[in-house]
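Inspection log for the structure reproduced underneath, given as structure tokens.
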Amino acid sequence: MEKLFILISNDDGINAPGIYALANEIKKIADVVVVAPDSQQSAVGHALTTVTPLRVTPFEKNGELFGYAVNGTPADCVKLAIRNLVSRKPDVVISGINHGMNTAINTIYSGTVSAATEASILEVPSFAVSLGTFKDNPDFSFAAKFSAQFVPLFVKKKLPQGTLLNINIPAVPESEIKGVKVTKLNNSYWDDVFEARRDPQNKLYYWLTGKYIIGNDDNIYDDVAIKNNLVSITPIHYDLTNHEFFSEMTEWE
């Protein structure tokens, strides 16, 4: 039986520790190619580069070829990899491990989720994986191990066309993980503002800041599950149609 072929990308950049931890674990079970942005691309959403050329550069880590860095977005990386760079279509695309959770409204902005979404659009089964902390130097080991252990089940179970999985993992020791929960996106949001500041030359600039407001408070929702030390797995898709309202709106015609 041919070995699985898995494409890995992210939005934190190819030199981020999360993607390194993920690739090292996935290489134990599959052939891997890493194609990721050459720099930080958090919160770029599903942006594609259209007015500047994309360049691909081999990237070494610890004296060995680790993958390929692209001067573009996460969605660029996945599209370019599948269309041009790899010799055969990947069996799976994994995006991550993101430094910080991607839940609720964050999934719209997330470059990590968008890389997996692009794979889904190109009809490659995919999931995004994020670690639920923004603290410095987090431990990605359990998230990486969980991702590798999840792959066989993920490959066995067929996702509906256009559906991907958004996985968020609590940033706690493995011994404190209480289980795995299939979840929904919460309606939580960022109550944010652009704070006005002055630089050393007294010129005005703005910095986005704010606080995260939790919506529903039940384990069936992604960010609540994370808070309660449950691994959250949310099936999402890129069909943005409000089907419930569609029938009502047709009466407007």
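The values are calculated or read from the model by the stated rules, or taken from the named source; none is laboratory data. Bear in mind the structure is a predicted one, so any value in this text is a computation, not a measurement. With ideal geometry, Cβ positions are generated from the backbone for all residues, glycine too; neighbour counts draw on all protein chains shown. Quick note on the areas: whole protein, heavy atoms, side chains included, nothing else; ligands and nucleic acids left out. Shrake-Rupley method; radii C 1.70, N 1.55, O 1.52, S 1.80 Å.
Filter segment 32-51 down to the residues that are over 19 Å from Leu85 (Cα atoms) and hydrophobic (A, V, I, L, M, F, W, C), then identify the one that is surrounded by the most Cβ atoms within 10 Å (Cβ to Cβ).
That would be Val44.
Kindly provide the set of residues from segment 144-181 that are aliphatic (A, V, I, L, M), assigned to a helix (DSSP H, G or I) and buried (at least 18 other Cβ atoms within 10 Å of the Cβ), ordered by number.
Of everything in segment 144-181, those that are aliphatic (A, V, I, L, M), assigned to a helix (DSSP H, G or I) and buried (at least 18 other Cβ atoms within 10 Å of the Cβ) turn out to be Ala144, Ala148, Val151.
Test of understanding: among Ile6, Ile29, Ile19, which residue is touching a helix residue (DSSP H, G or I) at 6+ places or on another chain (Cβ under 7 Å) and crowded, with 18+ Cβ neighbours inside 10 Å?
After ruling out the rest, the residue left standing is Ile6.
For segment 105-143, give me each residue that is in a loop (DSSP other than H, G, I, E, B), at pLDDT 95 or above and within 18 Å of Tyr221 (Cβ to Cβ).
Of everything in segment 105-143, those that are in a loop (DSSP other than H, G, I, E, B), at pLDDT 95 or above and within 18 Å of Tyr221 (Cβ to Cβ) turn out to be Ser110, Gly132.
Tell me yes or no: at least one residue of segment 182-191 is more than 30 Å from Glu123 (Cβ to Cβ), open to solvent by 80 Å² or more (accessible area, probe 1.4 Å), modelled with pLDDT under 95 and among the aromatic types (Phe, Trp, Tyr).
Within segment 182-191, one or more residues are more than 30 Å from Glu123 (Cβ to Cβ), open to solvent by 80 Å² or more (accessible area, probe 1.4 Å), modelled with pLDDT under 95 and among the aromatic types (Phe, Trp, Tyr).
Could you say which residue among Ser114, Ser141, Ser130 is buried (at least 16 other Cβ atoms within 10 Å of the Cβ) and either aromatic (Phe, Trp, Tyr) or in contact (Cβ under 8 Å) with a residue 40 or more places away in the chain (or both)?
After applying the criteria, what remains is Ser114.
Of all residues in segment 14-40, which are within 29 Å of Leu153 (Cβ to Cβ) and assigned to a loop (DSSP other than H, G, I, E, B)?
Matches in segment 14-40: Ile14, Ala16, Lys27, Lys28, Ile29, Ala30.
Of Asn98, Asn187, which residue is in contact (Cβ under 8 Å) with a residue 40 or more places away in the chain, more than 18 Å from the chain's Cα centre (by Cα), closer than 16 Å to Asp222 by Cβ and not in a helix (DSSP H, G or I)?
Only one candidate qualifies: Asn187.
Among (1) touching a residue at least 40 places away in the same chain (Cβ under 8 Å); (2) within 25 Å of Val124 (Cα to Cα); (3) charged (D, E, K, R), where does Glu176 come up short?
With respect to (1) touching a residue at least 40 places away in the same chain (Cβ under 8 Å); (2) within 25 Å of Val124 (Cα to Cα); (3) charged (D, E, K, R), Glu176 is out only on (2).
I'd like to check something: does segment 197-208 contain any residue that is open to solvent by less than 80 Å² (accessible area, probe 1.4 Å) and either within 16 Å of the chain's Cα centre (by Cα) or touching a residue at least 12 places away in the same chain (Cβ under 8 Å) (or both)?
No - not one qualifying residue is present in segment 197-208.
Is at least one residue of segment 209-221 open to solvent by less than 100 Å² (accessible area, probe 1.4 Å), within 26 Å of Ser126 (Cβ to Cβ) and among the charged types (D, E, K, R)?
no
Output the residue which, of all residues in segment 69-95 that are among the small types (Gly, Ala, Ser) and assigned to a loop (DSSP other than H, G, I, E, B), is surrounded by the most Cβ atoms within 10 Å (Cβ to Cβ).
Filtering segment 69-95 for residues that are among the small types (Gly, Ala, Ser) and assigned to a loop (DSSP other than H, G, I, E, B), the one surrounded by the most Cβ atoms within 10 Å (Cβ to Cβ) comes out as Gly72.
Exactly one condition in (1) among the small types (Gly, Ala, Ser); (2) out of contact with any Pro (no Cβ under 8 Å at 6 or more places or on another chain); (3) modelled with pLDDT of 95 or more is false for Gly63; which is it?
(3)
Can you find a residue in segment 229-237 that is surrounded by 10 or more Cβ atoms within 10 Å (Cβ to Cβ) and more than 30 Å from Ala30 (Cβ to Cβ)?
There is no residue in segment 229-237 that is surrounded by 10 or more Cβ atoms within 10 Å (Cβ to Cβ) and more than 30 Å from Ala30 (Cβ to Cβ).
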